Amino acid sequence: METPAEVTFKDIDHSDAIEARVRERVDKLEAMSPEIIRCQVWVRAPHRRHKGTEYIIDISLQMPGSTLHIDRHPGDDHAHTDIYVAIRDAFNAMERQLRRWQDQHKGRPEIHAAPLQGRIAVLDGYTNSGQISTTDGRLVYFHRNSVVRNGYDDLNEGDTVELSVDAKDADEGPHASIVRPITKIRFVDKPG
């Protein structure tokens, strides 16, 4: 973020603890998206009542080319009489909105793109894992836990499968996070 987040208290006394919680959640947003240019948060208590004040948390994020805004007005369940619940709900809503913004502006692979396919090249019953020779020429590791419907024991070398490859969280390189056996009829021997 180019400038520190602005936290404003309106119709409520400033609280270091509340501001610390807000800044903690702002840091989480910033970790999700380094594209955030500016963040403003308003902590409001516009209607003070004897039975409990309902808090409103407004959040505005300036992004490249657009602004995301959340104003969490209390609902009928009076959950926002707890300021920490109001903060949680507002920031959770902003996180969802930020993910949608990222999906639209960063792009995701087309949903109807053909999934990666391959053949089981190696099965190792001792380690409960194996390797898949993919149609794009790679050899991808998989573990029995990645096979859908606990189908590892039904696999044989040469069987055709569809797979999702995950390059994160793997010390030895890409691994299949999901392996789904398919029929030879659905198997396309060349990448799409």
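The values are calculated or read from the model by the stated rules, or taken from the named source; none is laboratory data. What you see is a predicted model; the values in this text were computed from it and never measured. Methodologically, a virtual Cβ is constructed for each residue, glycine included, from the backbone with ideal geometry; neighbour enumeration extends over all protein chains shown.
A few comments on the model shown:
Quick grid of which residues meet (1) aliphatic (A, V, I, L, M); (2) surrounded by 12 or more Cβ atoms within 10 Å (Cβ to Cβ):
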site	(1), (2)
3	no, no
15	no, yes
20	yes, no
23	no, yes
30	no, yes
39	no, yes
42	no, yes
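- Entry remark, segment 117-168: residues being assigned to a loop (DSSP other than H, G, I, E, B), at pLDDT below 90 and at positive phi number 1 in total.
- Qualifying strands (runs of 3 or more DSSP E) (wholly inside segment 1-102; at least 3 residues being at pLDDT 90 or above): 6-10, 38-44, 56-63
- Annotation: residue 114 fulfils all but one of (1) under 30 Å from residue 184 (Cβ atoms); (2) at pLDDT 90 or above; the unmet one is (2).
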